[in-house]
Amino acid sequence: MAMITNRRRDVAVAMSLIAPFVVTFALVFLYPTVRMVLLSFTDAPLIGNGHWIGLENFKRLMSDRLFFTSLKNNGYFVLLTVVPTTALALAIALTINRLKGALQALVLALFFLPYILPVSVVTEIWMWMLDFQFGIIQPLFASLYGKSIPVFKNPYWVMPTVAAVTIWWTNGFNVLLFIAGLRNIPQDFYEAASLDGATRWQMFRRVTWPLLWPVTALILTLQLILQLKIFDQVYLMSKGGPFNSSYVLLLMVYREAFQLNHGGYASAIAVVLFVVIMVVSVLQFQLLRSRGQK
Amino acid sequence: MMQIRKLENSILAGGSLLAAVLWTFPLYWAFITSIRTEDRVVSDAAGLIPDEFNLTAYASALFNTKLLTWYWNSIATSVIITVVVLVSGMMCAYAISQMRFPGRKLLYGVVLASFMVPSQALIVTQFILMNDMGLINTWAGIILPQLIVPVVIIVYKQFFDAVPKEMREAVVLDGGGDYTLLFRVYLPLNWGITTALAIITFIMAWNQFFWPFLVVTTENMMTIPVGITQVNDAFGVYYARLMAVALLGAMPVAVFYLIFQKKVTEAVMISSGVKG
């Protein structure tokens, strides 16, 4: 009998321990998720009720040119950031790893510093650097390209520019992960390889690269998911323009919901974004796991 | 051979230092701009070397904008988020790691799964929820959706799992319950990881732009990252002032990072699971 009351008391204590998280989770995560799905089947405004219209929002989405433009721009942005930032971070980390002592700490700190800045600080600084009239980078453009470039008003330049600024801002994080990964590789492996007369390239190819692969895969995954969710930098630097050339899915959700007051339609787009990111996450997770088992 | 090696190393050292300095050039340029007069900023004479030390832009940033209010909003909300996330996270992690109760596996599964859920996709209905609860333009409205940080639970669980079972016995023999165990044994044994998680949560909350930008519409309730974008609209093209505001906004976390560099980098590594 005492055993049973004890057990019951233990469960009660456990419930009280998990309650704060579970209640918050249900309120600000689970409930909004369910409500988002329900809302996507209605024509509701942002605040207020609407009518059930079935799959109408999704049908409309399939014929919405802006939706496909956004989808394409999301893909383009992923292409411009994920692999380039990973490659750049690997190169920087390999170099930093060969430095010693205070110099190593200093170089790492300088590369990491932008990562801890708020996004709006980053965009303010770069919009000033790239200002068409007075930007410090414009003379560089002029010497390479023949003239100054209004990067945020030019449909060809805007996405690469936003991508470059994003890489500058977040690259330090990836460098750090690579350095952690490099430090986890036992030094004996290199000593053994060098006794066997391996060249530096062979060491990288046969030791560093395979042992670093889990970290590389982690970074690629994190970056892919992060860059699919791009909003802040695009909104702050180009507002999706010019001619929708930097319009992305999350920006579309924002504009439909908060500026055009289409709660239902915005939810439908959000559902698509939600599903895309979940699918990518699960695929990546499976991929990483199968890679790990091999 | 040794000679070549030495030369190579100094080229490597010099080259990487140069690259790192160039990498932070935008910050240097922002600073140089901020200590110039507006006229000089846009004149041809504005070179790469600081030639003026004029604090007008900073005075204007501090006294003509709501910067101090935004600091206060940012500090208060970030501190509350950090404390709540850590305390609720360690409690939940302790229960998952050390106790047996129905639904334990399911709960941990949900925590792991929510790691993948893009919270940005929930903005519409989170906003509606905050509106229903009357929390638009309040600290609570800024804070609530930021309280779900699954990585805190995941990391705490790993560390609690590794605590030797013998550590429990003394407390249990004294008649101490699970709350005593958590706050007297498991937490003190894991202060290192607690500081790391606190640093990461705080920086994340401090830098958060998207959600506060949606839930706050009055200048008095804005946080630093949202507030500084307002200055842009108010000032137009006064770049010295813009840069002064941006640098002041970035300063608290940047200074903290430069002082506790090692701790911060360690925290980033731990919370992303590369080191633990």
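The values are calculated or read from the model by the stated rules, or taken from the named source; none is laboratory data. Keep in mind that what you see is a predicted model, and the values were worked out from it rather than measured. Quick reminder, even Gly has a Cβ in these numbers, built from the backbone with ideal geometry, and neighbours come from all protein chains shown.
When A:A19, A:A14 are checked against the criterion of being of a type in the set (G, A, S), within 7 Å of chain B (Cβ to nearest Cβ) and part of a helix (DSSP H, G or I), a single residue qualifies: A:A14. Any idea which of A:P186, A:P150 is surrounded by fewer than 18 Cβ atoms within 10 Å (Cβ to Cβ) and under 30 Å from A:R65 (Cα atoms)? Among A:P186, A:P150, only A:P150 is surrounded by fewer than 18 Cβ atoms within 10 Å (Cβ to Cβ) and under 30 Å from A:R65 (Cα atoms). For the residues A:L236, A:L226, the requirement of being under 26 Å from A:N154 (Cβ atoms) and touching an Asp or Glu at 6+ places or on another chain (Cβ under 9 Å) singles out A:L236. Each residue in the range B:173-183 was checked for being loosely packed, with under 13 Cβ neighbours inside 10 Å and in a helix (DSSP H, G or I), and 1 pass. Residues of the range B:32-63 that are away from chain A (no Cβ under 14 Å), touching a residue at least 60 places away in the same chain (Cβ under 8 Å) and under 14 Å from B:V231 (Cα atoms): B:Y58, B:S60, B:L62. The single residue among B:I193, B:I136, B:I153, B:I142 that is within 11 Å of chain A (Cβ to nearest Cβ), in contact (Cβ under 8 Å) with a residue 12 or more places away in the chain and not in a loop (DSSP other than H, G, I, E, B) turns out to be B:I153. Go through the residues of the range B:212-220 one by one and say whether even a single one is β-branched (V, I, T), closer than 20 Å to B:E266 by Cβ and within 27 Å of the chain's Cα centre (by Cα). Within the range B:212-220, none of the residues are β-branched (V, I, T), closer than 20 Å to B:E266 by Cβ and within 27 Å of the chain's Cα centre (by Cα). Residue check: A:L39 meets all listed conditions (1) more than 30 Å from B:S16 (Cα to Cα); (2) more than 8 Å from chain B (Cβ to nearest Cβ); (3) surrounded by 13 or more Cβ atoms within 10 Å (Cβ to Cβ) but one, namely (2). Look at B:L112 and say whether it is over 29 Å from A:L222 (Cβ atoms) and in contact (Cβ under 8 Å) with a residue 40 or more places away in the chain. The answer is no for B:L112.
If you go through the range B:71-102 and keep only what is away from chain A (no Cβ under 11 Å), surrounded by 19 or more Cβ atoms within 10 Å (Cβ to Cβ) and over 21 Å from B:L187 (Cβ atoms), you end up with B:N73, B:T77, B:S78.
In this structure, B:M90 does satisfy being under 31 Å from the mean Cα position of the chain (by Cα), assigned by TED's automatic domain parsing to the domain that holds B:N220 and either at pLDDT below 95 or within 24 Å of B:F160 (Cα to Cα) (or both). There is at least one residue in the range B:244-257 that is surrounded by 19 or more Cβ atoms within 10 Å (Cβ to Cβ), more than 10 Å from chain A (Cβ to nearest Cβ) and modelled with pLDDT of 90 or more.
Output the number of the condition that B:K105 fails; it satisfies all remaining conditions of (1) under 21 Å from the mean Cα position of the chain (by Cα); (2) more than 7 Å from chain A (Cβ to nearest Cβ). Among (1) under 21 Å from the mean Cα position of the chain (by Cα); (2) more than 7 Å from chain A (Cβ to nearest Cβ), the lone unmet condition for B:K105 is (1). Per the listing A:L80, A:L144, the residue uniquely at pLDDT 95 or above, surrounded by fewer than 20 Cβ atoms within 10 Å (Cβ to Cβ) and over 16 Å from A:V175 (Cα atoms) is A:L80.
Annotation for the range A:171-181: at least one member residue is β-branched (V, I, T), part of a helix (DSSP H, G or I), surrounded by 13 or more Cβ atoms within 10 Å (Cβ to Cβ) and under 26 Å from the mean Cα position of the chain (by Cα). Being in a loop (DSSP other than H, G, I, E, B) and either touching a strand residue (DSSP E or B) at 6+ places or on another chain (Cβ under 6 Å) or free of Cβ contacts under 8 Å to residues at least 24 places away in the same chain (or both) is the filter here, so list the residues in the range B:156-172 that pass it. Within the range B:156-172, B:A162, B:P164, B:K165 qualify.
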